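Below: the structure, in structure tokens.
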Amino acid sequence: MINYLLLFLLSIWYIILFYKIPLGLSVILFLIPLMIIIYLTLKKNKKIIDKRGLILIIPILLLSATYFIFDNQFFKTLNSFMIPILIILLYIMTIRPTYNVIDIVADEICIILNPLEKIGDVLSEVSKKISTKLHLKEETKKKIKAFLIVLPLVIIIIFLLSSADMIFENLLSTILSIPKKLLNHFNFFDFVLRMIITIAFFIYLSATLIYLLKSYQTEEREEKNKTKRNEVDTIKILLIILNVIYLIFDIIQIKSLLLHSVGKSISYANYARQGFFQLMVVSVINLGVILFTKKYDNQKENKKIKILSIILVFLTFIIIISSFTRMYYYEQEYGYTLLRLLVYITLFTETICLIPTLIYIWNDKFNIIKSYMIIIITIYVVINYINIDKVIAIRNIDRYFKKDDIDIEYLMNGHADNVVELLSFSKKLKDKDLKHEIEIYLDDQNFKTHDFRDWNIAKERANQEIERRK
């Protein structure tokens, strides 16, 4: 059973919050009632199979709160995809839990597309409810009929009285001027567009809930062939070859990066400042290889494959350390950027993921996908709250005072998160040209918000600091 009135009110709330307004406080103001309606609908229809899936509401609301706490455009854009993905994952983990990656991806796509098939059901159910409500009681019909008879007479009397008395006429003109002023500001095209978006959102949201309640849980997942395939020799050869290649590579990394020995013909600085992206991708591939090979082991060769997989994990860890070291030297030379910090975070995430990977190698029943999901979602939420723009500004400013080198144009990115650091930096600067460049940039910044919907703490603070400086 779906409460269409609540969904329609939520759709109106959606258009009020987001139509032609930058994202800010509006995101969490919308997601809180959305989460409540989703929860109540699923609970009322007894579709919550696993209550643990509801814990995803926490990262969803935490990510939505970043829109009014910080002013990082990169994460605002990324979260506009991550939040819907997490909402769909919430459906999956509460209604039909699975930790099979293929099933999760397939379900995500189904929950996005299949509701389109239920649009007809929405229109049919809503039209039935409206027609039921329009069956007015006889008493109500009599009142409407009486009002329609009286209305013309009232209009005639008001017109005659206004013609007879100037004060009454002025009062009437003042009252009638209110709707006239509203109509003067009325944009018909804008109104129609708002209505179309509101109705489209209402229909899609209703169709999604109908699909989840009536079809999603009853759909059968594709049967998996769980018989062990006789591919053990291939897997062993793959693991042995990879381990030999990585062993040679890791010996070179230990000798060159950790012992600072690269030979006379190669510059150590140039050697260290390359390849971190490639090594990061290789380490991700290795985790995939380990998960893939686990499907093909059997009891007889189980121990050999486990040992080869553990060796691969250890060699992967050295590759991650090598990538981390290369990125460190690169940053020392060229400074700090968002992409470079994200490389660090990715490498850190991979390192943490090695722990459940090792457990999974020894224990086939260990739910590694669930562990990966918890680690990745937790770290992603945390990095949304560390204020990366501020961290980048602080590190680059510290680097300037040590090396007298800074890419100031990168810091003047139009974000409010690093304004306080730029103001503090400007006060300490002795370089007049650089100081002047920062001051011109700050003078041009205007972080004022339109109203409560796009209100943002970082922008508010930045505005206060800029005003105080003037």
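The values are calculated or read from the model by the stated rules, or taken from the named source; none is laboratory data. Given the structure is predicted, the values throughout are model-derived calculations rather than measurements. No Cβ is skipped: glycine too gets one built from the backbone with ideal geometry, and neighbour counts run over all protein chains shown.
Looking only at the range 207-243, count how many residues are at pLDDT below 85 and β-branched (V, I, T).
Adding up the residues that qualify gives 6.
Given (1) at pLDDT 85 or above; (2) closer than 16 Å to L239 by Cα; (3) not aromatic (F, W, Y), where does D297 come up short, assuming only one miss?
Among (1) at pLDDT 85 or above; (2) closer than 16 Å to L239 by Cα; (3) not aromatic (F, W, Y), D297 violates only (1).
Listed residues N418, N396, N387; which is on the phi > 0 side of the Ramachandran plot, modelled with pLDDT of 90 or more and surrounded by 14 or more Cβ atoms within 10 Å (Cβ to Cβ)?
N387
Consider L89 against the criteria (1) surrounded by fewer than 18 Cβ atoms within 10 Å (Cβ to Cβ); (2) at pLDDT 95 or above; (3) closer than 15 Å to I369 by Cβ: it satisfies all of them except one. Which criterion is unmet?
Only one criterion is unmet by L89, namely (1).
Tally time: how many residues in the range 42-72 are in a loop (DSSP other than H, G, I, E, B) and within 27 Å of N413 (Cβ to Cβ)?
3
Applying the selection to the range 404-415, what residues are surrounded by 14 or more Cβ atoms within 10 Å (Cβ to Cβ) and under 22 Å from A458 (Cα atoms)?
I408, Y410, L411, M412, N413, H415
In the range 20-39, is there at least one residue being more than 25 Å from D454 (Cβ to Cβ) and more than 18 Å from the chain's Cα centre (by Cα)?
Yes, there is a match, as at least one residue in the range 20-39 is more than 25 Å from D454 (Cβ to Cβ) and more than 18 Å from the chain's Cα centre (by Cα).
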